[in-house]
Every structure is written in C-alpha cells, then in structure tokens.
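Below you'll find the structure, written out as structure tokens, and then a few comments.
Only the coordinates and a few stated rules stand behind these numbers; no lab work does. Remember, it's a predicted structure, so these values are computed and weren't measured experimentally. Note: ideal-geometry Cβ built from the backbone for every residue, glycine included; neighbour counts use all protein chains shown.
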Amino acid sequence: MEFLVASAIGVLTAGGIYLVLRLRTFPVIMGVSLLTYAVNVFLFASGRLTVGAPPILSDGAVAYTDPLPQALVLTAIVISFGMTAVVVMIALGAYLGGDDDHVDDDTKAPAAEDAS
C-alpha cells in the first residue's frame with residue numbers, strides 16, 4: 001500500500017514539474033494543480049495509512065487514525081481550488097489582452113519587423 005501511494009506521489013510530482021516547464025498558460029496551470037494534488041496526497045499519507053480505523057477515539061476502538069492530516073488536506077483542497085480559479089482568471093485576462101498565451105515575456109520585436 002505504501003509503495004503504491006509513494007509511486008502515485010512521484011508520478012504526480014513528475015507530471016506537475018513537466019507541465020510547469022511548458023511555455024503555454026494552460027499546461028502551467030495544470031502542472032501547478034498536479035503538484036497541489038501530490039502535496040495533498042503526501043500530507044494525507046503522513047498521518048499513517050490505516051484501513052478501517054476511525055479518525056477519533058471511541059470506546060470500542062483499539063487503534064485510530066490521526067485526524068490532523070485529514071483536516072490539513074481538506075483546508076488545502078479549498079485553498080487550491082480558490083487559487084486555481086484566480087490563476088485561470090488572470091491567465092484568461094492576459095490572453096484576451098495580448099492575444100497570446102505564452103508564459104515567457106519576450107520584449108524583443110520580431111525579426112520580420114526589424115528588416116523593414
């Protein structure tokens with residue numbers, strides 16, 4: 001179980017880093033989202049992966065799961081959803097304002113205009 005979760009975290013992180021290094025806006029946003037999911041799974045896994053254990057102590061429970069990572073992940077999901085919406089709106093505004101969705105700022109004039 002731990003190997004599967006660790007592999008999933010690694011794949012999400014690798015895919016997120018690959019997409020963040022692209023030059024278009026949409027893949028960068030998707031890469032940041034994948035990195036956020038990787039961090040959320042890592043935080044969730046840090047609370048010891050136990051199957052069938054309640055998150056709080058009760059009278060009949062022998063073992064329990066730490067509820068703090070679950071609360072941290074829930075908070076991180078809400079914050080990442082809000083930040084993704086803000087970044088999408090900023091990217092949409094930049095695309096509509098400049099008719100281009102490249103991430104890099106190339107301030108040089110194109111070579112065709114320099115020749116004339």
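Contour minus end-to-end for TYR64 and ARG24, with contour as 0.36 nm per residue of separation and end-to-end as the Cα-Cα distance?
9.9 nm
Using a 10 Å cut-off on Cβ atoms, rank the peptides 24-35, 66-77, 49-60 from the highest mean neighbour count down.
Ranking the peptides 24-35, 66-77, 49-60 by packing returns 24-35, 66-77, 49-60.
If neighbour count is taken as other Cβ atoms inside 10 Å, put PHE81, PHE42 in order from fewest to most.
The order, fewest Cβ neighbours first, is PHE81, PHE42.
Relative to the present Cα-Cα distance, how much length would full extension add between ALA94 and ALA14 at 0.36 nm per residue of separation?
Between ALA94 and ALA14, full extension yields 26.1 nm more.
What's the whole-number percent of alpha carbon pairs in region 1-84 lying beyond 19 angstrom?
49
Once you keep just the Cα pairs under 8 angstrom separated by 6 or more residues, what percentage relative contact order results for region 7-54?
Relative CO of region 7-54 lands at 36 percent.
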